[in-house]
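The structure under discussion appears below in the form of structure tokens.
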Amino acid sequence: MLKPLSLLLSTIIREGDLSVVDPDGKLHRFGDGRGAPVRIETADRRFEWHPLLDPEMAAGEGYMSGRLRVTQGTVYDFIALTMKNVASRPFPAYAQVLAIARNWIRPLAQFNPARRAKRNVRHHYDIDPRIYDLFLDPDRQYSCAYFADPSMSLAEPQAAKKRHVAAKLRLEPGNRVLDIGSGWGGLALYIARAAGADVTGITLSEEQIRLARERTKSTGEAPERTPRFELRDYRAVEGPFDRIVSVGMFEHVGLPHYGTFFATVARLLAPGGTALLHTIGRTDRPAGTNPFIARYIFPGGYIPALSEIMKAVEASGLIVSDVEVLRLHYAETLLAWRRRFLANRMAAVAIAGEEFCRMWEFYLAGSEAAFRFQNFVVFQVQLIRKIDTLPVTRDYMGTTETALPLAMPDTDRPQGIAAGR
């Protein structure tokens, strides 16, 4: 093993039991030997230089290409062991140069005008749709679920998430509702049927809107209880709307566009209206996007600190009426997705190939570990335009949530998605 790499690993890995087999077959051990052992193998000397030059990118690209193999434990175990150590003992200063540079240029990296935003969405959401069948719940909810108990199956906490969101909107029959980033349509269908609302969902993904529109045809509902889905950028929407909701889309907006996003919400929201933003966030100070995620998974994506969100909200004139922080719910969601993906791995390889599956497995494992060890949470931010729009206590949220159905028949399985997955 290269001496600089050995020095880097000895500096970082102080706890746990990590073994590294180098290209010559020699075994090197790091950590205090406690906990479940993890063993990795590196394929060649050239790869060993990669962690020295770009430690945040090296593991992901190495695992994806097969040049880094986990031979004892799982890739999640390896990532978790590393993240737990880095949380208390960051990379040495010489290894942080790229991270600092990425942090400085993050506004440029997240510059997402309409055309680029659509291209970024296509990169992730317009892949072969069968991939999503393999790990999401039957409703294809691709955001943080709401776990009352970690032992719950995936479909129930995803249904609970939709109900939790709907309760905070305090919906009334006939409300005009805008769903920004409506995905495959599950939340819009739920709101339309459970509350009798007039819902418009928008997305930039052609695959998502195709399936969402197919679902509206299969429900048999009256037109007034059937959502409309449009392929449209949020900046091009005309209002007003009584309620606006956005779940799992804000991460794609891009830091330079936060002001535009909230100014648009303020413009579209009726004076007595309510909006709810559900987004991944970080509890520490702002930082750049993980380079592996930015290059291979979510180009243009960014996880904001709450301070960055609030600065833009304040400038828009909107009023923050409630903030909830969901801790570890996304970690449990990602664990469920990862287990389902691995259970269907052979099918995934047949659809997209081995390299894609390694990339996706690293993405799911790394994201789960980040929510357990790297200060990632989910923020639900409720917004209003008038100070007296909502009751002055939060009691109505629980009351409304209890009154709403957990799920609606015929809206929780898109056409073509196999039951039981």
Revision key, fill the gap. Restricted to region 296-317 and to residues being touching a residue at least 60 places away in the same chain (Cβ under 8 Å) and not in a helix (DSSP H, G or I), the residue surrounded by the most Cβ atoms within 10 Å (Cβ to Cβ) is Tyr302
**Study point:** Which numbered condition Val320 misses (of (1) assigned to a helix (DSSP H, G or I); (2) within 27 Å of Pro157 (Cβ to Cβ))
**Key:** (1)
Exercise for review: Would you mention how many residues in region 72-120 are modelled with pLDDT under 85 and among the hydrophobic types (A, V, I, L, M, F, W, C)?
Suggested key: 16
Check your understanding: (1) open to solvent by 40 Å² or more (accessible area, probe 1.4 Å); (2) touching a residue at least 60 places away in the same chain (Cβ under 8 Å); (3) in a helix (DSSP H, G or I): which one isn't true of Pro271, the others all being true?
Key -> (3)
Exercise for review: Filter region 37-66 down to residues that are over 28 Å from the mean Cα position of the chain (by Cα), crowded, with 19+ Cβ neighbours inside 10 Å and assigned to a helix (DSSP H, G or I), then give me how many there are.
Suggested key: 1
Practice item. Could you tell me which of the residues Asn375, Asn344 is surrounded by fewer than 23 Cβ atoms within 10 Å (Cβ to Cβ) and touching a Ser or Thr at 6+ places or on another chain (Cβ under 6 Å)? Key: Asn375
Revision key, fill the gap. Exception for Ile384 within (1) modelled with pLDDT of 95 or more; (2) open to solvent by 40 Å² or more (accessible area, probe 1.4 Å) falls at (2)
Practice item. Taking Arg243 as meeting all but one of (1) open to solvent by 30 Å² or more (accessible area, probe 1.4 Å); (2) touching a residue at least 60 places away in the same chain (Cβ under 8 Å); (3) touching a Gly at 6+ places or on another chain (Cβ under 7 Å); (4) of a type in the set (Lys, Arg), write down the number of the exception. Key: (1)
Exercise for review: Could you list all residues from region 340-391 that are among the hydroxyl-bearing types (Ser, Thr, Tyr) and either free of Cβ contacts under 8 Å to residues at least 12 places away in the same chain or touching a strand residue (DSSP E or B) at 6+ places or on another chain (Cβ under 7 Å) (or both)?
Suggested key: Thr389
Check your understanding: Across region 204-218, what is the total count of residues that are among the small types (Gly, Ala, Ser) and part of a helix (DSSP H, G or I)?
Key -> 2
Check your understanding: Which of the following residues is touching a strand residue (DSSP E or B) at 6+ places or on another chain (Cβ under 6 Å) and open to solvent by less than 60 Å² (accessible area, probe 1.4 Å): Val70, Val75?
Key -> Val70
Review point. Given the residues Gly288, Gly281, which is the only one that is in contact (Cβ under 8 Å) with a residue 60 or more places away in the chain, assigned to a strand (DSSP E or B) and either farther than 25 Å from Leu169 by Cβ or touching a Leu at 6+ places or on another chain (Cβ under 7 Å) (or both)?
Key: Gly281
Check your understanding: Restricting attention to region 326-341, and to residues there that are of a type in the set (A, V, I, L, M) and not in a helix (DSSP H, G or I), which single residue is surrounded by the fewest Cβ atoms within 10 Å (Cβ to Cβ)?
Key -> Leu328
Point to revise | Selection within region 151-162 - farther than 12 Å from Arg140 by Cβ and either surrounded by fewer than 20 Cβ atoms within 10 Å (Cβ to Cβ) or among the small types (Gly, Ala, Ser) (or both) | key: Ser151, Met152, Ser153, Glu156, Ala159, Ala160
Review point. Any residue at all in region 23-33 that is surrounded by 18 or more Cβ atoms within 10 Å (Cβ to Cβ) and touching a residue at least 40 places away in the same chain (Cβ under 8 Å)?
Key: yes
Point to revise | Among residues of region 146-170, those that are free of Cβ contacts under 8 Å to residues at least 60 places away in the same chain and aliphatic (A, V, I, L, M), counted | key: 2
Exercise for review: Only one of these is surrounded by 22 or more Cβ atoms within 10 Å (Cβ to Cβ) and farther than 25 Å from Val320 by Cβ: Leu178, Leu189, Leu171, Leu211. Name it.
Suggested key: Leu189
Point to revise | Among (1) over 17 Å from Pro227 (Cα atoms); (2) of a type outside the set (Val, Ile, Thr); (3) crowded, with 17+ Cβ neighbours inside 10 Å, the one test that Arg140 misses | key: (1)
Exercise for review: May I ask you to list the residues in region 277-295 that are open to solvent by 30 Å² or more (accessible area, probe 1.4 Å), closer than 27 Å to Leu187 by Cα and more than 13 Å from the chain's Cα centre (by Cα)?
Suggested key: Thr283
**Study point:** Within region 41-61, tally of residues that are in contact with a His (Cβ under 6 Å, 6 or more places away or on another chain) and touching a residue at least 12 places away in the same chain (Cβ under 8 Å)
**Key:** 0
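The values are calculated or read from the model by the stated rules, or taken from the named source; none is laboratory data. What you are looking at is a predicted structure, and each value in this text was computed from that prediction instead of being measured. Glycine also receives a Cβ, built like all others from the backbone with ideal geometry; neighbour counts cover every protein chain displayed. Ligands, DNA and RNA are stripped out before the accessible areas are found, and what is left, the full protein with its side chains, is counted by its heavy atoms. Shrake-Rupley method; radii C 1.70, N 1.55, O 1.52, S 1.80 Å.
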